[in-house]
Amino acid sequence: MINVKFYLDKADKSKKFPIHLVIRQKDVQVKVATGEKILKKDWDNKNQVVKETEYTYKSINKFLSFLQQEVEKYFDAVPHSQFTDKKVKEKILSLVNSRKVNTDIKMVCENPAEYEGKTKTTFVDLFAGAGGFSEGFLQAEHGNRYYDFLLGSDINENCELTHLARYNYQLGMDAEFLRQDITEPDFLDNLLKKLKSQQVDVVCGGPPCQSFSLAGKRKKFDKKDDLFAHYLNVIRVLRPKYFVMENVKGILTKEGGKIKEMILQEIKSIVDLKEFHQLIYFLAKLRKAEKEKTFTLDCYNLRMQFESANEKELEKLRESYIQIVENKFRLLTPKIADYKTSKTDININTVRHGFNLLKRSKELSYVRKKVILEKAHSDLDNDFFAEKFDSFLTSIESDSIIEQIHEAFNNLKPAKAFQNEIAEIISALEIYNNSFEECIQGLQPYVKALKAETEFEEILSHIRLYNIDQPFVALASNYGVPQNRERVLFIGCRKDQKLVKAVPPTVTEKEKVTVFEALHDLDFVGNDEEKFDYEKINLKAKYNGSTEKMEALLKKRAIDGKPEDKKGLTYAEWSKKGRLNGRFINAKNPFYVRNFEELENTLSHIVAPLHNHKTSKQNDDVVKRLDVILSTGDYDLAKKELKKIGLNSEKRNYNVLKPNSQSSTIMTIADDYIHYSNPRALTVREMARLQSFDDSFVFQGKRSTGGNKRKFEVPQFTLVGNAVPPLMARAVALEILKNIK
């Protein structure tokens, strides 16, 4: 029977008493200083806690409780024959010293001396989540170039907590964090304030994509569907040399590929304002040469001015544009309808009121946003309400309003003499609603008539700020990640930069990292257990008869997964060592906190070698079910047996991990996966390994959540499942570094 107690040792010169831990078990007795000191009056010996009269009582008690639990777990796990004073003392002192290192007041120097003189490439991470892009970019170095992290942004507080803990407290960087909805009117102002006029070379980010994910139901008017537009607004303002947008594969085929084309059009529509005068001058030349469709060219000219206007100017320009078209309609009305008809006819009223709606685009945009948020808040989907809400939202969009105006004109059946004027009005409204790229296409017939194609293309090459090739599908396992996660990448390149069309794989099909390589050294945790330190794994005892086969899966590799026998490390060793190239030599030890209050009080940090390695508590029936599925190797094949023994489940899917291959896409629910050698779900740390996060990257806050809370909370499992794999991000970042000027 083990006995773990705390007692006060002799007072020091400041009359404070060091708290010591004493362990007694049969012939073993060990005394270790905890590193904490208090006044005698603040110690409650009976309850073994620091009293509330000591202002740091919460954090000290939390640490003492943690120490006691770890010591008891250690004694439970290690055979009594292996106990020695030295080993037990080393175990406790490692935890005490790790905490002492983190709480000592010291300046954390970000970069070692060898980074002086090297060139910083700055980046910003939008929709940052846990920080998968940020991790990968900080790992990437090429020649004398490396990345400097300026700012991360996300809407969720646990993303901010994890960011601050990792980059500010642990690594000692001064990277900012902006927790705000990118659709809010003052987002850009707040972003620019935090950036403090610093030049941004690269912007990366993956706007949330649930609304068009292949894994989920497609929804109309999801609040996440228009975030691309806001992302691109940031690009317009920051003008980075490169930007990267990551998304699910489903975006390539959504609405028959129209969404992909729309995104490419929007990217090509970002204009260089310094060169924009060239286009306006050229349009004036087109207008002068055109004899018949002068009104249409005037509309193109006015529409193009939208591109160079700020928000206030744009509002006035839009209203002015619609007013010009409405004036043309007012002159036309007496020609196609008598006075009485013009006041009472539903079609005339539709056209007239349609102009009113188009002039109030800002107000309608506000209404649209509010209705979409309410639809999401009330979870309107697959019910009688959803269709009606969607119908209303469709009706207030500009293209729908223009469509109604067009239909009203058709219903009026005007005489042939006035059809050209009506066609000009309809064309003007379509030009108003067109993207920049669609306007360019619409101008082509006039350009050809003037035989000015070469001149026009030359002007466009100056005006388009960004070039982009087709988006490409990146498979995570091609970049040393032990996971077959497919993601679509759009890489926009400013016109003065080299075009990046793809990111070359770092490993071949045969060289890919396996699940066993990623997880074998973490396989020491049982049902409903939490471990804070690594334990040695005896592969011979665990895989009796197939040890050689399993050991053969372990390969020495470079950081990017490429086999490297001489200087390489195994994937697990890289995970423990970290992939930040020794850049943050004064980084603090990994630690965990539950909230911002604990983060600010460094004494409250739980400091340990290993974090996020906790298993779920699963009852006997669940363990038996998982055991049947694991032994069968496939959930579908196991269903018959499960039904036979009364352990069938309504759960849609279980993924059994295969040790000699890669995992399927890691999502946000750990219970969807079964460990390859034990009938249990994965821990957050194991999911993080499959995503290629270093072990020193600790996911903070709540471990999991359920029910309705999943809409608003982003616990550890969600942070991991939604992240960009850092090694894939590293490959992207490296390719940009190789090409950036």
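Couple of notes before you dig in:
- Lone unmet requirement of (1) out of contact with any Asp or Glu (no Cβ under 7 Å at 6 or more places or on another chain); (2) over 30 Å from GLY172 (Cβ atoms); (3) part of a loop (DSSP other than H, G, I, E, B) for ASN589: (2)
- Extreme residue, farthest from the chain's Cα centre (by Cα), among residues of the stretch 402-440 that are of a type in the set (Gly, Ala, Ser) and assigned to a helix (DSSP H, G or I): ALA417
- Per this entry, SER692 is counted among residues that are closer than 28 Å to ILE468 by Cβ, polar (S, T, N, Q) and buried (at least 21 other Cβ atoms within 10 Å of the Cβ).
- With respect to the conditions (1) in contact with a strand residue (DSSP E or B) (Cβ under 7 Å, 6 or more places away or on another chain); (2) assigned by TED's automatic domain parsing to the domain that holds ILE606, ALA733 falls short on a single one, namely (2).
- Matching residues, the stretch 166-195, being of a type in the set (A, V, I, L, M, F, W, C) and over 17 Å from the mean Cα position of the chain (by Cα): LEU171, MET173, PHE187, LEU188, LEU191, LEU192, LEU195
- Here the stretch 571-594 is the region considered, the condition is being of a type in the set (Lys, Arg) and crowded, with 20+ Cβ neighbours inside 10 Å, and the residue that is farthest from the chain's Cα centre (by Cα) is LYS588.
- Test: residue in the stretch 431-448 that is touching a Gly at 6+ places or on another chain (Cβ under 9 Å), within 13 Å of THR296 (Cβ to Cβ), modelled with pLDDT of 95 or more and buried (at least 17 other Cβ atoms within 10 Å of the Cβ): yes
- Consider the stretch 508-560 and keep the residues that are of a type in the set (Val, Ile, Thr) and touching a Phe, Trp or Tyr at 6+ places or on another chain (Cβ under 9 Å). The one that is farthest from SER477 (Cα to Cα) is ILE537.
Here is a yes/no grid of residues against (1) outside any helix (DSSP H, G or I); (2) more than 17 Å from SER400 (Cβ to Cβ); (3) among the aliphatic types (A, V, I, L, M):
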site: ASN327; (1), (2), (3): no, yes, no
site: LEU331; (1), (2), (3): no, yes, yes
site: LYS335; (1), (2), (3): no, yes, no
site: SER342; (1), (2), (3): no, yes, no
site: ASN347; (1), (2), (3): no, no, no
site: VAL351; (1), (2), (3): no, no, yes
site: PHE355; (1), (2), (3): no, no, no
site: GLU363; (1), (2), (3): no, no, no
site: VAL367; (1), (2), (3): no, no, yes
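- Residue count, the stretch 1-22 (criterion: charged (D, E, K, R), surrounded by 12 or more Cβ atoms within 10 Å (Cβ to Cβ) and assigned to a loop (DSSP other than H, G, I, E, B)): 2
- When ASP125, ASP174 are checked against the criterion of being surrounded by 21 or more Cβ atoms within 10 Å (Cβ to Cβ) and among the acidic types (Asp, Glu), ASP125 stands alone in meeting it.
- Within the stretch 267-277, one or more residues are aromatic (Phe, Trp, Tyr) and either assigned to a loop (DSSP other than H, G, I, E, B) or closer than 30 Å to TYR242 by Cβ (or both).
- Against the list (1) of a type in the set (Gly, Ala, Ser); (2) crowded, with 21+ Cβ neighbours inside 10 Å; (3) in the same structural domain as ALA670 (by TED's automatic domain parsing), the condition GLY492 fails is (3).
- Looking across the stretch 23-61 at every residue that is in a strand (DSSP E or B) and touching a residue at least 60 places away in the same chain (Cβ under 8 Å), the one that is surrounded by the most Cβ atoms within 10 Å (Cβ to Cβ) is identified as ILE23.
- Applying the condition of being outside any loop (DSSP other than H, G, I, E, B) and among the charged types (D, E, K, R) to the stretch 149-180 and asking which residue is nearest to THR122 (Cα to Cα) yields GLU176.
- Residues satisfying the criterion are present in the stretch 659-674 (criterion: under 30 Å from GLN170 (Cβ atoms), assigned to a loop (DSSP other than H, G, I, E, B) and not β-branched (Val, Ile, Thr)).
- Selection count, the stretch 508-530, where residues are surrounded by 14 or more Cβ atoms within 10 Å (Cβ to Cβ) and either without any contact (Cβ under 8 Å) to a residue 24 or more places away in the chain or within 17 Å of ALA572 (Cα to Cα) (or both): 15
Residues checked against (1) modelled with pLDDT of 90 or more; (2) hydroxyl-bearing (Ser, Thr, Tyr):
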| residue | (1), (2) |
| --- | --- |
| LYS58 | no, no |
| PHE63 | yes, no |
| ASP76 | no, no |
| SER81 | no, yes |
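- Selection count, the stretch 531-557, where residues are surrounded by 13 or more Cβ atoms within 10 Å (Cβ to Cβ) and free of Cβ contacts under 8 Å to residues at least 24 places away in the same chain: 6
- Failed condition for ILE251, given (1) aliphatic (A, V, I, L, M); (2) out of contact with any strand residue (DSSP E or B) (no Cβ under 8 Å at 6 or more places or on another chain); (3) crowded, with 20+ Cβ neighbours inside 10 Å: (2)
The values are calculated or read from the model by the stated rules, or taken from the named source; none is laboratory data. Quantities reported herein were computed from a predicted structural model and do not represent experimental measurements. Backbone-built Cβ (ideal geometry, glycine too); neighbour counts: all protein chains shown.
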